[in-house]
Amino acid sequence: DYVVVKMIPDNRLPPRHLHSVHTGKTFAVIKWESPYDSPDQDMLYAVAVKDLVRKTDKIYKVKTRNSTVEYTIKKLEPGGKYHVIVQLGNMSKESSMKIGTVPLSAPDALKIITENDHILLFWKSLALKESNFNESRGYEIHMFDSLMNITAYLGNTTENFFKVSNLKIGHNYSFTVQARCLYSGQMCGEPATLLYDELGTGEDSSASKTDRPTDVAAIVVPVLFLLLVTLGIGFVVLYMRHRRLQNSFTAFANSHYSSRLGSAIFSSGDDLGDEDDEAPMITGFSDDVPMVIA
């Protein structure tokens, strides 16, 4: 025996399993489940978004019969912080969470040019890759002195360069450039960092990791090529010397070859010396011996 029991829906319960699915620079996708399974009618939800930086509120209404609800909150600001509250329209118990949007990217190609008594920081405009960035917002520059262990705020600019003076000899500095922070420094862009040593050479910490393999390859490849060329020339020289020695030996052997004996005949140094001793010495000609010229 069995019996079917249908529970009376309680509209005072809060939405279940509220969480963030994805966050971007200007939007956030949130998801939750209805207070009870398989609603038999449309349910009206109130989604309240509190901007923790600007101290403003917005309320959105969502009407659906689905057990699982996915909603996209739009028109958010990069690097913002928000408190999201979801509840039924009858002001039942609520579910809440905090989310943060993705900040603006760091400026690209941060470089240093050294002058006589100052340096110039250069970077690419952030508006080239960030449609949400306006040049009127500008950039702010910070400097960290590793010797003194001090971080200083140098200022802000709407240009793509910044002049830094009064650097001390023997100190190493780190410079950061980012989209200017808004609302008491709570909404900032990602910083681009540049290291600067006492010799006046700047090195981008993010680019150095990718540039070094290229520099090593540019050095190793020509060296290997020169080694291969040198080895090739050495083999050619050895081969030519081997052929020359072989030809000389062949010519020498042929000049001492006896067709009657079928072999080459070589005389030792002792035999040559004996023949010189036995040969009569020519001392001159006598006056009474007639000279015949043929």
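The values are calculated or read from the model by the stated rules, or taken from the named source; none is laboratory data. Small disclaimer: the values here were computed from a predicted structure and weren't measured. So basically every Cβ, Gly included, is an ideal-geometry build from the backbone, and we count neighbours across all protein chains shown. The accessibility values were calculated without ligands, DNA or RNA, using every heavy atom of the protein model including side chains. Shrake-Rupley method; radii C 1.70, N 1.55, O 1.52, S 1.80 Å.
Filtered by the rule that a residue be touching a residue at least 40 places away in the same chain (Cβ under 8 Å) and closer than 14 Å to GLU70 by Cβ, region 24-51 gives PHE27, ALA28, VAL29, ILE30, LYS31, TRP32, TYR45. The set of residues in region 112-149 being within 17 Å of GLU190 (Cα to Cα), of a type in the set (D, E, K, R) and part of a strand (DSSP E or B) consists of GLU140 alone. For region 12-25, the criterion of a residue being at pLDDT below 90 and loosely packed, with under 13 Cβ neighbours inside 10 Å is satisfied by at least one position.
Taking (1) exposed (fewer than 14 other Cβ atoms within 10 Å of the Cβ); (2) under 30 Å from SER34 (Cβ atoms) in turn, VAL86 satisfies each apart from (1).
Taking each residue of region 182-196 that is touching a residue at least 40 places away in the same chain (Cβ under 8 Å) and closer than 14 Å to LYS124 by Cα and looking for partners that are aliphatic (A, V, I, L, M) and in a strand (DSSP E or B) with beta-carbon atoms closer than 6 Å, six or more apart or interchain, yields ALA192/VAL177. For GLY185, state whether it is assigned by the TED database to the domain that holds PHE162 and at pLDDT below 90. Yes. Taking the criterion of being open to solvent by less than 90 Å² (accessible area, probe 1.4 Å) and closer than 29 Å to ASN132 by Cα, the residues of region 63-83 that qualify are VAL69, TYR71, THR72, ILE73, LEU76, GLU77, PRO78, GLY79, GLY80, TYR82, HIS83.
Applying a threshold of 6 Å to beta carbon distances and a minimum spacing of six or more residues, or different chains, the list of pairs starting in region 65-78 at a residue that is in contact (Cβ under 8 Å) with a residue 12 or more places away in the chain and farther than 16 Å from LEU182 by Cβ and ending at one that is open to solvent by less than 50 Å² (accessible area, probe 1.4 Å) and among the hydrophobic types (A, V, I, L, M, F, W, C) reads VAL69/TRP32; TYR71/ILE30; TYR71/VAL62; THR72/VAL29; ILE73/ALA28; ILE73/VAL49. With respect to the stated conditions, LYS55 fails to be open to solvent by 40 Å² or more (accessible area, probe 1.4 Å), touching a Phe, Trp or Tyr at 6+ places or on another chain (Cβ under 8 Å), basic (Lys, Arg) and free of Cβ contacts under 8 Å to residues at least 40 places away in the same chain.
May I ask you to say which residue of ILE85, ILE99, ILE59 is within 30 Å of PRO191 (Cα to Cα) and aliphatic (A, V, I, L, M)?
Working: ILE85 fails: within 30 Å of PRO191 (Cα to Cα); ILE59 fails: within 30 Å of PRO191 (Cα to Cα).
Exactly one of ILE85, ILE99, ILE59 is within 30 Å of PRO191 (Cα to Cα) and aliphatic (A, V, I, L, M), namely ILE99.
Only one entry in GLY185, GLY138 is in contact with a Ser or Thr (Cβ under 6 Å, 6 or more places away or on another chain) and on the phi > 0 side of the Ramachandran plot, namely GLY138.
Residues in region 89-107 that are out of contact with any Pro (no Cβ under 8 Å at 6 or more places or on another chain) and open to solvent by 70 Å² or more (accessible area, probe 1.4 Å): ASN90, MET91, LYS98. Here is the figure for region 108-126: residues that are over 21 Å from LYS25 (Cβ atoms) and open to solvent by 50 Å² or more (accessible area, probe 1.4 Å) total 7.
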